[in-house]
Amino acid sequence: MCCIQGPNHEKWNNNIKMSEISTAFDNEKEFVLKGVLSTIKEVVTAQQFDVWFSCLRISSITSNSIIFVAPNNFIREWLNSHYNDLFSSVVYKVLNSSREIIFSTEEEVFGRLPATSFSPDEVLSGQRSLEENCTMPLFKYYSFENFVVGPSNRLAHAAAVAVSESPGLTYNPLFIHGSSGLGKTHLLHAINDVLLSKHMMKTLYLPCERFVNHYISTIRTNTWESFRSFYRNIDALLIDDIQSFENSQGSREEFFHTFNALYNAKRQIVITSDCPPESIATLEDRLISRFKWGLLCSIDNTTRETRIAIAEKKASLWGINLSHEAASYLAENITGNIRELEGAIARLSREEKMTRSSITLDRVRKIVWELSGNRKYVSIEAVMKAVSERFNVRVSQLQSRCRTRSLAFPRQIAMHLSRKLTKMSLMEIGGHLGGRDHSTVIHADEKITRMLKKDKNLNIILQKLESELRK
């Protein structure tokens, strides 16, 4: 029998020991992760688990802390904001001791795709490519099935579906613009998901800011061949928030040539922006004209009915039993972007699980009040009293069915102020003012809002009324 002697033997022996230690650590992480996820799976819905938890890994476990790795910053921040307490209790249950819960991202832990720049060398390495990071959908939730279609987004949705079915042939490029939080990114990910799953295409989704950062990084490294090869050897480019090109002339120049290369090769291009191409400052005419080669469509602010449908859909995805009345109240009082509505639904889901009680309209009102910055609400009785005194009519006349102008106008004022200052739903406001339906309240509110833009005297009167009511 012979023995291996000398330094090489010692090095080989040390490598075996290190390998055994590494394997042991990996086994521990897998064991803990499996225990944590299986416990969480028992207390959240299947949809929630699939969206937020199934993608997690564990980077390290120490006597003081445990680091969970999420695929991107959005999921990391959401887990940290909404599920930190849940993870603390579950980890304590699995490990029988408390640990500090730390959420990180694959970029931070594994050194891939730093937030400020891309490394072309990493892109082309065998470890993990930029394509894998950028083409992976942010959420499986962002699908066409989960997109609520209404009058404000019908054209954009139809165009997105058409592009996903016939990439490179229909609406190329597709340019979708609209205010933040109305569903542009949702449609981008839905298109990307279909292109990946159905057409098996090599796609690239990224925010425009990342393209700019990659461009800056390439200037430093002088790796232009890698940069250009990366962006031009794909089947579809989906780029979000193109208005970020506003202050970067060099990246606009490079994107112009990238656009031409992809378009001439009949590769699909989908672009989103918070405004139409011609409204993006410093954007060259040649880019503006190219963005209009395909289809230009907008997503407008959602209607009340669409917001109700969105609230009910998102509540269903979160596993919340939300009444139509509660969904209507959310839609009437959260009229900004859809992300605010999502935030309210997430809060309700968390409270429902913590209290283990059903969602009531009072709880919905409380959440809306907290999200609105704890603003002071007034009673509808106070509104009617103030309006009756200012316009010299009785409260009973405001509540009557009489439609003479001398009563209709102050009644519309009361509806407008009630919608703005009280916690009441449209139906409740209409009920207090003569048993009228929600559409009457909406019409009154919109009419007074239009009048305020033209009538300075009315503006002064309502400002004074509102100031007195808020005291």
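The values are calculated or read from the model by the stated rules, or taken from the named source; none is laboratory data. Quantities reported herein were computed from a predicted structural model and do not represent experimental measurements. Using ideal geometry, Cβ is built from the backbone for each residue, glycine included, and neighbour counts are taken over all protein chains shown. These accessible areas exclude ligands, DNA and RNA; they are computed on the full protein's heavy atoms, side chains included. Shrake-Rupley method; radii C 1.70, N 1.55, O 1.52, S 1.80 Å.
Tabulated data for the structure shown
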{"read-out": "Positions within the stretch 218-235 being open to solvent by less than 60 Å² (accessible area, probe 1.4 Å) and more than 23 Å from E284 (Cα to Cα), in sequence order", "value": "T223, S226, S229, F230, I234, D235"}
{"read-out": "Residue list for the stretch 266-310, filter: of a type outside the set (D, E, K, R), within 20 Å of S164 (Cβ to Cβ) and open to solvent by 50 Å² or more (accessible area, probe 1.4 Å)", "value": "W293, L296"}
{"read-out": "From S323, S328, S289, S251, residue being over 24 Å from the mean Cα position of the chain (by Cα) and more than 21 Å from A156 (Cα to Cα)", "value": "S251"}
{"read-out": "F256 vs. criteria open to solvent by less than 10 Å² (accessible area, probe 1.4 Å) and either free of Cβ contacts under 8 Å to residues at least 24 places away in the same chain or of a type outside the set (D, E, K, R) (or both)", "value": "no"}
{"read-out": "Out of E30, E20, E108, sole residue that is open to solvent by 60 Å² or more (accessible area, probe 1.4 Å), in a helix (DSSP H, G or I), farther than 25 Å from W318 by Cβ and modelled with pLDDT under 65", "value": "E20"}
{"read-out": "Among the residues listed as A70, A46, the single one being open to solvent by 40 Å² or more (accessible area, probe 1.4 Å) and modelled with pLDDT of 70 or more", "value": "A46"}
{"read-out": "Per-region count, the stretch 311-324, residues of a type in the set (S, T, N, Q) and either more than 24 Å from A190 (Cβ to Cβ) or crowded, with 17+ Cβ neighbours inside 10 Å (or both)", "value": "2"}
{"read-out": "Search result, residues across the stretch 162-179 that are surrounded by fewer than 21 Cβ atoms within 10 Å (Cβ to Cβ), touching a helix residue (DSSP H, G or I) at 6+ places or on another chain (Cβ under 8 Å) and part of a loop (DSSP other than H, G, I, E, B)", "value": "T170, N172"}
{"read-out": "The stretch 438-471, residues that are surrounded by 12 or more Cβ atoms within 10 Å (Cβ to Cβ) and not in a helix (DSSP H, G or I)", "value": "D455"}
{"read-out": "Qualifying residue in the stretch 53-63 (condition: in a helix (DSSP H, G or I) and of a type outside the set (D, E, K, R))", "value": "yes"}
{"read-out": "Subset of the stretch 329-338 that is open to solvent by 10 Å² or more (accessible area, probe 1.4 Å) and not aliphatic (A, V, I, L, M) - its residue that is nearest to V441 (Cα to Cα)", "value": "E332"}
{"read-out": "Filtered residues of the stretch 358-407 (kept if in contact with a Pro (Cβ under 7 Å, 6 or more places away or on another chain) and either within 26 Å of Y329 (Cβ to Cβ) or open to solvent by 30 Å² or more (accessible area, probe 1.4 Å) (or both))", "value": "V387, F391, L398"}
{"read-out": "Breaking point among (1) open to solvent by less than 30 Å² (accessible area, probe 1.4 Å); (2) aromatic (F, W, Y); (3) free of Cβ contacts under 8 Å to residues at least 24 places away in the same chain, for F103", "value": "(3)"}
{"read-out": "Qualifying residues in the stretch 302-323 (those that are in contact with an Asp or Glu (Cβ under 7 Å, 6 or more places away or on another chain) and not hydrophobic (A, V, I, L, M, F, W, C)) - the one farthest from Y142 (Cα to Cα)", "value": "R304"}
{"read-out": "Helices (runs of 4 or more DSSP H) contained entirely in the stretch 344-428, each with at least 1 residues that are over 19 Å from W318 (Cβ atoms) and more than 38 Å from the chain's Cα centre (by Cα)", "value": "380-391, 395-398, 405-421"}
{"read-out": "Pairs where the first residue, in the stretch 33-51, is within 21 Å of Y141 (Cα to Cα) and in contact (Cβ under 8 Å) with a residue 12 or more places away in the chain and the second is of a type in the set (F, W, Y) and in a helix (DSSP H, G or I), C-beta under 7 Å, 6+ apart", "value": "L37/F53; I40/F49; I40/F53; K41/F49"}
{"read-out": "All positions within the stretch 339-357 that are touching a residue at least 60 places away in the same chain (Cβ under 8 Å) and either within 23 Å of L433 (Cα to Cα) or open to solvent by less than 20 Å² (accessible area, probe 1.4 Å) (or both)", "value": "A346, S349"}
{"read-out": "The listed residue being more than 30 Å from N233 (Cβ to Cβ), modelled with pLDDT under 85 and either over 23 Å from the mean Cα position of the chain (by Cα) or of a type in the set (S, T, Y) (or both), out of S81, S152, S129", "value": "S81"}
{"read-out": "Verdict on S244 being closer than 27 Å to V161 by Cα, of a type in the set (S, T, N, Q) and open to solvent by 40 Å² or more (accessible area, probe 1.4 Å)", "value": "yes"}
{"read-out": "Odd one out for N15 among (1) open to solvent by less than 50 Å² (accessible area, probe 1.4 Å); (2) modelled with pLDDT under 75", "value": "(1)"}
